[in-house]
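J.: Got a structure for you, questions after.
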Amino acid sequence: MMEKEEKWLFTLAIILLFTDFFIIIIANIIPTITLEKGNLILNLNDTYEEPGYHAHRVYLDMTNKVVIENNINTKKIGTYKVIYKIHYNGQAYQKIRYVSVLDQTPPTLTLKGANPAIICPRSKYEEEGYTSMDNYDGDLTKDVIVKNNKDHILYSVKDKSGNFSFIKREIQYQDKNAPVITLNDGNAYSLYIGETYQEPGYQATDNCDGDITKKVVVKSNLDTHKIGTYEVTYEVTDSSSNTTKMSRKIVVLGPKPSNGKVIYLTFDDGPSASITPELLDILKEENVKATFFILNRSSELDYLIKREYEEGHTVALHGSSHNYKQIYSSSNAFFTDLEIIQKKVERITGQKPMIIRFPGGSSNTVSRFNPGIMTTLTQEVKSKGFHYFDWNVGSGDAGEARTSDEVYNNVIKNLGNKNNIVLMHDFNGNYKTLNAIRKIIRYGKNNGYTFEKITMSTPEIHHRVAN
């Protein structure tokens, strides 16, 4: 009996001994922190989202005791640490997750101008420009590498993180634009039966070939010995086989009056929206050509300058500002003012006008604040190739004439067996001239006068210079 009891006590002692041993071991096992997904890579400006973690000691969950620290700045490239800490038995245990913030976005490349770029055959592409921006490095335009090839241009750029971008501009060599033919003195011409037709001239330009006037082929069915309407055609083809054709209408009138009485209707200070269109209608209906000394009016009225030219009238120059104090302050001021309106007419009509009328006429006295300026200017305009015209028949429509009848009477009483250059105006609201013009024309036709426009061959009428 005693022997069994001793064995039982011995077994109990062994069990107790091992139990204490395991308790000691378990008590000394440290916590374990486990990270989900491990280390991470983020792109610039991404939002860091915690992937998850767990903390255990043997079978005890200690996740809620973990403290997290991090210094992540996703707006700046770099490698950052996320530290997971847990304290146990007076000791601190930690696990580190490394987070790399990288720039993985390529720079942008933007081309200025057309793509594909269509250029003339046998020509060289002129770079229209490009820009490059990077989300981290900023403006990289200066770092763009441009490689020219025959049928394309390759643009490439790389940012400091090694991200690469490229873009291609296609180059197409073709010419689909037809040449432009410009007819001097408009597309209408008239002469008397038996007179010799004098070609006013023409120019042909092409967007790729430049001046191709010499290639123009001119054909005509004109017979100056028969009254009627004829046509002169102008045709030109560029090196890409684009063809343009234009025509000029030629009217052969009856016999020219032998008395030499000619009326030149001239209109200053236009164009205007209220007077010029109706005036042009009347001139067209009466088959009369006139001369318009224009000012630099609103661009909205440019169509009237174009119409004057296309209907065969002479578009001449009066000035840009009509400001006496300004234009007569010096020779330079006058020609600067004149050049503005000259370039405008050339842009609209394709012709560079060289016929002018001084504001106030060459005999004006309003310029006497600058002694001798008109003497100087009348000499200088001639030296520069201009023809200037005053007048020898005044209508009074800008002064003393108050009605259309007064305008009519002022004109007809001063007509004579001469070159009658009649001064009138088509400024806005000048209805007294508009209402008188048809009567003036009818009077001239009924009394043996012919009507002509001023050209570079017209004898100049000058006043006596008073300054």
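J.: What whole-number value in Å² describes the accessible area per residue of the chain for a 1.4 Å probe?
T.: 55
J.: Here's another thing I want to ask about it. Taking the alpha-carbon centroid of each part, what is the distance from the range 234-287 to the range 387-449 in angstrom?
T.: So the separation of the two Cα centres works out to 20 Å.
J.: By how many nm would the segment from ARG438 to GLU406 grow when fully extended, if each residue of separation counts as 0.36 nm and the alpha-carbon distance is taken off?
T.: My answer for the length gained is 10.1 nm.
J.: Continuing with this model, one more query. Pop out the carbon and sulfur fraction of the accessible area of the chain as a percent, whole number, probe 1.4 Å.
T.: The computed percentage sits at 51.
J.: Dipole magnitude of the range 357-400 about its Cα centre, charges +1 at Lys/Arg Cβ and -1 at Asp/Glu Cβ only, in debye to the nearest 20?
T.: The dipole of the range 357-400 has a size of about 240 debye.
J.: Pop a pseudo-label 7 angstrom from the Cα along the beta-carbon direction at both LEU253 and ASN45 and give the gap in nm to one decimal.
T.: Modelled inter-label distance: 7.6 nm.
J.: Let me ask something else about it. Could you work out the Kirkwood radius for the range 74-148, taking every pair of different alpha carbons, averaging 1/r and inverting it, reported in Å?
T.: Hydrodynamic radius (Kirkwood, Cα pairs) of the range 74-148 is 17.4 Å.
J.: Order the peptides 189-195, 235-241 from the highest to the lowest mean number of other Cβ atoms within 10 Å of their residues.
T.: Those peptides, ordered most packed to least, come out 235-241, 189-195.
J.: Additional query: Taking the convex hull of the alpha carbon atoms in the range 374-467, what volume per residue do you get, in Å³?
T.: Dividing the Cα hull volume of the range 374-467 by its residue count gives 123 Å³.
J.: Distance between Cα centroids, the range 111-153 to the range 31-88: provide it in whole Å.
T.: 47
J.: Right, another one. Can you classify the range 227-313 as rounded, prolate or oblate using the Cα gyration tensor, where a ≥ b ≥ c are the square roots of its eigenvalues, rounded means a/c under 1.5, and otherwise it's prolate if a/b beats b/c and oblate if not?
T.: Cα axes put the range 227-313 in the oblate bin.
J.: Specify the angular offset, from 0 to 90 degrees and rounded to the nearest 10, of the alpha carbon long axis of helix 2-27 from the longest principal axis of the alpha carbons in the chain.
T.: Tilt relative to the chain: about 20 degrees.
J.: About the Cα centre, and with charges only on the beta carbon of Lys, Arg (+1) and Asp, Glu (-1), how big is the dipole of the chain? Nearest 20 debye, please.
T.: 1080
J.: Here is a follow-up. log₁₀ I(q)/I(0) of the range 311-359 at q = 0.17 Å⁻¹, via Debye over equal Cα point scatterers, no solvent, to two decimals?
T.: -0.48
J.: Among (i) 30.2, 88; (ii) 46.6, 175; (iii) 22.3, 71, only one was calculated for this model; which label is it, if the read-out is Rg and Dmax of the Cα atoms in Å?
T.: So the calculated entry is the one marked (ii).
J.: Beyond 29 Å between alpha-carbons counts as too far, so tell me which of LYS219/LYS453; LYS245/LYS289; LYS124/LYS344 fall in that bin.
T.: LYS124/LYS344
The values are calculated or read from the model by the stated rules, or taken from the named source; none is laboratory data. Predicted model only: the values in this text are computed from it and were never measured. Backbone-built Cβ (ideal geometry, glycine too); neighbour counts: all protein chains shown. What goes into the accessible areas is simple: the full protein's heavy atoms, side chains included, and nothing from ligands, DNA or RNA. Shrake-Rupley method; radii C 1.70, N 1.55, O 1.52, S 1.80 Å.
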